[in-house]
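For reference, the structure discussed in these notes is given below.
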Ligand SMILES: [Zn+2]
């Protein structure tokens, strides 16, 4: 019984820490080349709304929903990512990542 309670307390502490964790600082905007803009336009259209926002996570090959709280500005486009690791990859090398991104 005591063990169960201790496990529960650890779980609650973990969840509280996760919920109150600070959001990462916004990444600096990135300038876009014509090649990057073409890929961004295709990715933007793929999510069903052409609004200069890529709502799907490009870090997950557009397979996951991105979050407005995990944005990266690339040229005129806002990219939403599902997690910080995905955004960090694009923040580090947006040109390379976009070149590798397949949008069918
Ligand atoms: Zn992702």
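Derivation of every value follows stated rules applied to the coordinates shown; laboratory data play no part. These numbers come from a predicted model, not from an experiment. Virtual Cβ from ideal backbone geometry, glycine too; neighbours counted across all protein chains shown.
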TODO: Give the order of 69, 33 when sorted by the count of other beta carbons within 10 angstrom, beginning with the fewest.
DONE: 69, 33
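Please report the antiparallel percentage of the DSSP beta bridges confined to the stretch 34-86, to the nearest 5.
Bridges in the stretch 34-86 that DSSP calls antiparallel: roughly 75 percent.
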Task: Inter-label distance for residue 47 and residue 99, nm, one decimal - labels placed 7 Å from Cα along Cα-to-Cβ - done: 2.5 nm
Open item on the list: I need to check one value: relative contact order of the stretch 25-100, counting alpha carbon pairs closer than 8 Å and at least 6 residues apart, in percent.
Closed with: 33 percent
